[in-house]
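Notes follow once the structure below has been shown.
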Amino acid sequence: MHSRPKSILGASVALVGIFTATGVLVASPASAAGPTFDTPELRVGWGNITLTGTATAGATVQLHERAYMWGRDVTRASDLEAATPWEYPTSATANSSGRWSITRTMDSGFVFAVESGGAYSPIVQAPLRVGAEFSATSSSANSVSLTVRASPDQPGIPVSFQRYTSSGWSQVAAGITSDGTVASFSATVTGQTAGQHTYRAVLAETAKPDYASSDNLLLSNSFSSRITVAGSGGSDGPTPGSSPTPTPSRTTTSPSPTPSRTTTSPSPTPSPTPSRTTSSPTPTPPKTTSPTPKPTTPKPTATPVPAVGAIQFTRIQYNAPGADKKTNKSINGEYFKLTNKTKKTVNLNGWTVRDRAGNTYKFSGTYNLAAGKSVTVHTGKGTNSSTKRYWGKAKHIWNNGGDAATLRTNANKTIDSCKWTKAGKGYTTC
């Protein structure tokens, strides 16, 4: 549960600055009385960065922040987060030279600002270049298995698997990183030429709705590996950089024209050759056996798309009771409850619940929610039952100071949403 109190900057702090080549919005110089904010470093993958700037020597500097996906304003960063091992104090004291530094964890793009003595620095954007672990292996003839795990572990990051040829990079498979605690994508491609070849994974190259790299301020990155493709009759492919690489199209070679079914001019029809049977045979008619009708597979009755509001959030416990601790019991103190408001059973297979940061719970396998019944999904780990399910997270997800939950079908239709803007009672009934 990352507490995000309501913004105290409001419209009085403008988004000012210029973009550099790395995509960072650089703060314009602050007034003499106000703090300044240096250009944040560009980090690759999940991890810590050190934010720096200037302020009056000996003055306290308070960090304000917001994950880029939540909005472009900032809120006072909560010192409560310092209790968890992946977070740090959110304030600092400027040294005798007027320099301050604060360490923060980057798990997506952020916007930052600092306040000191009632004056604020300009807001700066801090993108995050996506990192990854990429593997390419070939254990069977002319087949390659490709796997990439993204960092940060965000679902929905676009992935393009590509192979390098004499014409450049050619896509062999594509998809998005999966939901869950490990955001990964895997594909096995067949029909590959044997020999030494180079494959790569390109991540976050294009925007996708809801999880878009642009929405999270994630910058694209690529990772390559040269492997020996099993099989025979192949030859080694070029190494990237050994020859000019044209900008690849999705298909890098023109397909050969489809040959005509008859490739030569037909010979003139010869004179009929006498039949070996000299008696006038009864001409054998061509076989005209009535084709066995293919069994008609009844088309499954399309499952009616539930109407908006058919399934509703009826309670979200975003603040676990008691002191926040990184224990499974405390984490399971967070939960959301869904209720079927219709008179029919609804199969939630493939449905998702997502927060503003992109954390996503997915109903996997058939899960039928009967009319009028409810299911409670706890954030931590546990054994699923007919009325309770467990997300399997090792940390709190919902934010006390403001967050939103969105329920979507497996066809990405929004059915219900619930949001809150302040800590309040620790729960909402939407």
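The values are calculated or read from the model by the stated rules, or taken from the named source; none is laboratory data. Please read all numbers here as calculations on a predicted model, not as lab measurements. No Cβ is skipped: glycine too gets one built from the backbone with ideal geometry, and neighbour counts run over all protein chains shown.
Can you tell me which of Val24, Val114, Val74, Val61 is at pLDDT 65 or above, under 25 Å from the mean Cα position of the chain (by Cα) and either over 27 Å from Lys422 (Cβ atoms) or not polar (S, T, N, Q) (or both)?
Working: Val24 fails: at pLDDT 65 or above; Val114 fails: under 25 Å from the mean Cα position of the chain (by Cα); Val61 fails: under 25 Å from the mean Cα position of the chain (by Cα).
None of the others qualify; the one that does is Val74.
Working carefully through the options Arg408, Arg356, Arg389, find the one that is in the same structural domain as Lys341 (by TED's automatic domain parsing) and either under 23 Å from Lys329 (Cα atoms) or touching a Cys at 6+ places or on another chain (Cβ under 6 Å) (or both).
Arg389
Please verify whether Arg276 is under 19 Å from Trp420 (Cβ atoms) and either at pLDDT 75 or above or loosely packed, with under 10 Cβ neighbours inside 10 Å (or both), treating the condition exactly as stated. Can you show your working first?
Details: under 19 Å from Trp420 (Cβ atoms): no; either at pLDDT 75 or above or loosely packed, with under 10 Cβ neighbours inside 10 Å (or both): yes.
It is false that Arg276 is under 19 Å from Trp420 (Cβ atoms) and either at pLDDT 75 or above or loosely packed, with under 10 Cβ neighbours inside 10 Å (or both).
From the list Gly365, Gly372, Gly392, which one is in a loop (DSSP other than H, G, I, E, B) and under 19 Å from Ile316 (Cβ atoms)? Don't jump to the end; show me each part of the working.
Numbers: Gly365 fails: under 19 Å from Ile316 (Cβ atoms); Gly372 fails: under 19 Å from Ile316 (Cβ atoms).
Exactly one residue qualifies, and that residue is Gly392.
Here are some residues: Lys362, Lys373, Lys422, Lys381. Which one is surrounded by fewer than 17 Cβ atoms within 10 Å (Cβ to Cβ), at pLDDT 90 or above and within 26 Å of Asp324 (Cα to Cα)? Give the derivation first.
Details: Lys362 fails: surrounded by fewer than 17 Cβ atoms within 10 Å (Cβ to Cβ); Lys373 fails: within 26 Å of Asp324 (Cα to Cα); Lys422 fails: at pLDDT 90 or above.
Step by step, each of Lys362, Lys373, Lys422, Lys381 is checked, and only Lys381 is surrounded by fewer than 17 Cβ atoms within 10 Å (Cβ to Cβ), at pLDDT 90 or above and within 26 Å of Asp324 (Cα to Cα).
Could you check, for region 402-419, whether at least one of its residues is more than 23 Å from Val308 (Cβ to Cβ) and either buried (at least 17 other Cβ atoms within 10 Å of the Cβ) or modelled with pLDDT of 90 or more (or both)?
yes
With the checklist (1) surrounded by fewer than 22 Cβ atoms within 10 Å (Cβ to Cβ); (2) not assigned by TED's automatic domain parsing to the domain that holds Thr198 in hand, flag the one item Ser116 doesn't pass.
Here Ser116 meets the rest and fails (1).
To keep it simple, each residue is scored yes or no on (1) in a strand (DSSP E or B); (2) of a type outside the set (A, V, I, L, M, F, W, C); (3) over 25 Å from Gly109 (Cβ atoms).
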| site | (1), (2), (3) |
| --- | --- |
| Asn349 | no, yes, yes |
| Val353 | yes, no, no |
| Gly358 | no, yes, no |
| Asn384 | no, yes, yes |
| Gly401 | no, yes, no |
| Ala404 | yes, no, no |
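Under 9 Å between Cβ atoms, at least 6 apart or on separate chains: pull out the pairs that start in region 404-423 with a residue that is in contact (Cβ under 8 Å) with a residue 40 or more places away in the chain and within 16 Å of Asn340 (Cα to Cα) and end on any residue that is of a type in the set (Lys, Arg) and assigned to a loop (DSSP other than H, G, I, E, B).
Going by the 9 Å Cβ cut-off, the qualifying pairs are Thr406/Arg356.
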